[in-house]
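Colleague: So that we are looking at the same thing, I have put the structure below in structure tokens.
The values are calculated or read from the model by the stated rules, or taken from the named source; none is laboratory data. In this text the structure is predicted, and so the values were computed from the model without any measurement. Neighbour counts run over all protein chains shown; Cβ positions are idealised from the backbone, glycine included. Surface accessibility is based on the protein's heavy atoms, side chains included, excluding ligands, DNA and RNA. Shrake-Rupley method; radii C 1.70, N 1.55, O 1.52, S 1.80 Å.
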Amino acid sequence: MRFNCGEIWQSATGLRGVVTKIDDDGMKGHLVFENGEQAVLKYHGFSMPGHWQLAPSFTRPIKSAEELRAIVVQTAAQHPVWPVGMNVAVRAKERPGSWGVDSVPPPGSHIAYADAAKHAANIAFAYSCLFDLAAT
């Protein structure tokens, strides 16, 4: 067995994480956890009995647009591509609960910050696998 992008894994304590990238033909996975932590893990040790397992279907916890915005910005700000003052705006998508982000450059900036915008979109995708947007 191996990791696959988009899989949701759950620990024995209930913490969930989503696989966002794989290396070594799926034997190594990059995961983003619902608590904001990120890790690169080897499949063999990670999937041992009593550690982590593929999450059964679950209801995604519901977060407000402001909560989701804060989670995305806090995670994105840990990367050097993220400029000081950069932000995101959370927007609802067609399916109830689904969401994405639009990047908001720092005030007074005339640069698009394409790398930061892509970084934020990738983070938002990961968190959208773990959380739904509250109806407004």
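Colleague: Put +1 on the Cβ of every Lys and Arg and -1 on every Asp and Glu Cβ in the chain; which of GLY108, VAL73, GLY26 then has its Cα farthest towards the positive end of the dipole?
Modeller: Of the options given, the answer is GLY26.
Colleague: Which one of ALA89, PHE58, ALA135 has its Cα pushed farthest toward the positive end of the charge dipole of segment 51-136, where Lys and Arg give +1 and Asp and Glu give -1 at the Cβ?
Modeller: Of the listed residues, the answer is PHE58.
Colleague: Summing Lys, Arg as +1 and Asp, Glu as -1, what charge do residues with Cβ under 13 Å from the Cβ of LEU41 carry, LEU41 excluded?
Modeller: The answer is 0.
Colleague: Determine the per residue accessible area of segment 28-89 with all protein chains present and a 1.4 angstrom probe, expressed in square angstrom.
Modeller: Spelled out: the 1.4 Å probe surface of segment 28-89, per residue, equals 60 Å².
Colleague: Excluding residues on the same chain fewer than 8 positions from LYS42, give the lysines whose Cα lies under 27 Å from its Cα.
Modeller: List returned: LYS21, LYS28, LYS118.
Colleague: Magnitude of the Cβ-charge dipole of the chain, K/R +1 and D/E -1, about the Cα centre, nearest 20 debye?
Modeller: 120 debye
Colleague: Within segment 20-108, report the chymotrypsin sites (Phe, Trp or Tyr not before Pro) that DSSP leaves as loop and that have at most 12 other Cβ atoms within 10 Å.
Modeller: PHE58
Colleague: Something else: Give me the angle, in degrees from 0 to 90, between the Cα long axis of helix 114-128 and the longest principal axis of the Cα atoms of the chain, rounded to the nearest 10.
Modeller: 50 degrees
Colleague: Could you compute the longest span of the chain free of trypsin sites (Lys or Arg not before Pro) located in DSSP loops and having at most 15 other Cβ atoms within 10 Å, not counting the site residues?
Modeller: 3-92
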